[in-house]
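Notes follow once the structure below has been shown.
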Amino acid sequence: MTDKVIPIHGALRSAPPAPRYDGGPLADTRGRPMRDLRISVTDRCNFRCTYCMPREVFDANYRFLPHEAILSFEEIARLAGIFVGLGVKKIRLTGGEPLLRKDLPRLVEMLAPLGADMTLTTNGSTLVKHAQALRDAGLNRITVSLDSLDDATFRAMNDADFPVAKVLEGIGAAANTGFAPVKVNMVVKRGVNDHQIVDAARYWRSAGRGGGHILRFIEFMDVGSTNGWRMDDVIPSAEVVRRIAEAFPLEPVEPNYAGEVAERWRYKDGAGEIGVISSVTQAFCRDCSRMRLSTEGSLYTCLFAQHGHDLKALLRGGAADDAIRDAIAAVWRLRDDRYSEIRTTETAKLRKVEMSYIGG
Ligand code: SAM
């Protein structure tokens, strides 16, 4: 990347005019139900992964959201309750780095009574410290991002000189507190860490040293507008599967549920499974059931969105739960996003919101 691109926080639109929600099944214009809610609890991160928050953009001058702009735990919990009332079954806490948000276990504790499956995506850097409190608070599952087992490659990718060993310790701590199997996300970028694909598979297979966890390979995506994305840098999941299968034969596995993001493959020798997330080469928009709530309370119906809907104005303007529920239902019902199905090199240049802001 050469020119400095100023990231956008997404032009906000007011929530659309909201007819009273009649309690019926909530489906968007393509018939997709709303099942998942991703909540970004902070736009800050202690890593500067080159494909997500490049340091030349997210530098000392970058203005993260001020404290008063971000939703409080009480506001998040109130909204989450309304979402669950509208059919959401799964909540993922993310960011930025969610464990940078002070007292995150308190939020988990506030959300647990809603009964949704609650998961967290983290870079793992502080998991040793937080795993037990998260477990005690009622978190169900954890996904940890780790793009390489090779220390030099990993340090270069996180651009914070953070060592692999500490993330492995975090994964170990999570497993020891009852979060096993942990899902391990590896974003693959051509020429950067693709030489690590088979090594990672070997390590995380149940026969390997890190055995028992589930490795998932993510195609490098054109989220936001700052990561200098180029199609040439994407390793298609089919290539990932082919490279691993040459070393460890694989066979496909049925999805756990309709709309599962990762396509599953298992080792023929019984050493567990891997997942591949192919947003670029095999779009899964058709089944997308995800709504995203940004750190400052705007709603996004797609990871590649350019616009959000302002829920915070309703929340802080004194709207009753019913009015907020009607607004959320109206946003979902009008949703027609299918960005990954229509992606071209031209759409990739659109000014999309950053993943660190909207929640990964
Ligand atoms: N900080 C947490 C973490 O590292 O997991 C949560 C937020 S992060 C934005 C969520 C996930 O998005 C991580 O697994 C990260 O690797 C992935 N991600 C970020 N930018 C990406 C990109 N351009 N393409 C593919 N995955 C990306």
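The values are calculated or read from the model by the stated rules, or taken from the named source; none is laboratory data. Everything numeric here is computed off the predicted structure, so don't read it as measured data. Backbone-built Cβ (ideal geometry, glycine too); neighbour counts: all protein chains shown. When the accessible area is computed, the model is the full protein with side chains, heavy atoms only, and any ligands, DNA or RNA have been set aside. Shrake-Rupley method; radii C 1.70, N 1.55, O 1.52, S 1.80 Å.
Here are a few things to note about the model shown:
- Calculated FRET efficiency for the pair ARG55/THR344, C-beta based, R₀ 30 Å, to 0.05: 0.60
- Of the GluC sites (Glu not before Pro) found in segment 237-285, the ones in coil according to DSSP and having at most 14 other Cβ atoms within 10 Å of their Cβ are GLU260.
- Inter-part distance where segment 28-50 and segment 63-102 are each reduced to a Cα centre, Å: 10
- About its Cα centre, the dipole of the chain is roughly 300 debye, where the only charges are +1 on Lys and Arg Cβ and -1 on Asp and Glu Cβ.
- A 1.4 Å probe, protein heavy atoms only, puts the accessible area of PHE73 near 10 Å².
- Per-residue ellipticity at 222 nm computed for the chain from its helices equals -7500 deg cm²/dmol, with DSSP H segments shorter than 4 residues left out and the rest contributing -39,500 (n - 2.57).
- Ordering PRO236, PRO19, ALA348 by Cα displacement along the dipole of the chain toward the positive end leaves PRO19 in first place; charges were set at the Cβ atoms of Lys, Arg (+1) and Asp, Glu (-1).
- Amide H to amide H, with H built 1.01 Å from N, PHE220 comes under 5 Å of VAL188, ILE235, counting only residues 5 or more places away or on other chains.
- Overall, segment 138-255 carries a charge dipole of about 340 debye about its Cα centre when +1 sits on the Cβ of Lys and Arg and -1 on the Cβ of Asp and Glu, all other atoms neutral.
- Annotation: peptides 166-174, 248-256, 226-234, ranked by per-residue average of other Cβ atoms within 10 Å with the highest first, follow the order 166-174, 226-234, 248-256.
- Listed by chain and number, the lysines whose alpha-carbon sits under 18 Å from that of LYS352, ignoring those within fewer than 8 places in the same chain, are LYS4.
- Distant-in-sequence amide H partners of GLU354 (H built 1.01 Å from N, under 5 Å): ILE8
- 5 angstrom amide H check on VAL184, placed H, neighbours 5+ away: VAL144, ILE214, LEU215, ARG216
- Net charge dipole size for segment 241-353 [Lys, Arg +1 and Asp, Glu -1 on Cβ; Debye, nearest 20]: 380
- Crossing angle, helix 127-137 versus the chain [Cα axis fit, 0-90 degrees, rounded to tens]: 50
- In terms of its C-alpha gyration tensor, segment 210-331 comes out prolate, because a/c is 1.5 or above and the ratio a/b outweighs b/c.
- Average 1/r across all pairs of distinct alpha carbons in segment 242-310, invert it, and you get the Kirkwood radius: 14.4 Å.
- Residue pairs, from the table LYS90/LYS349; LYS102/LYS183; LYS102/LYS129, whose Cα atoms sit over 20 Å apart: LYS90/LYS349; LYS102/LYS183
- Computed over the chain, relative contact order equals 27 percent, with contacts defined as Cα pairs under 8 Å that lie 6+ residues apart.
- Taking segment 212-308 and dividing mean pair separation by its residue count, relative contact order in percent (alpha carbons under 8 Å, at least six apart): 28
- Nearest-ten-degree value, helix 164-174 long axis tilted from longest Cα axis of the chain: 60
- Between THR29 and HIS195, the FRET efficiency estimated from the beta carbon spacing at R0 = 41 angstrom works out to 0.45.
- Computed over the chain, Cα set: Rg, Dmax in Å: 19.6, 59
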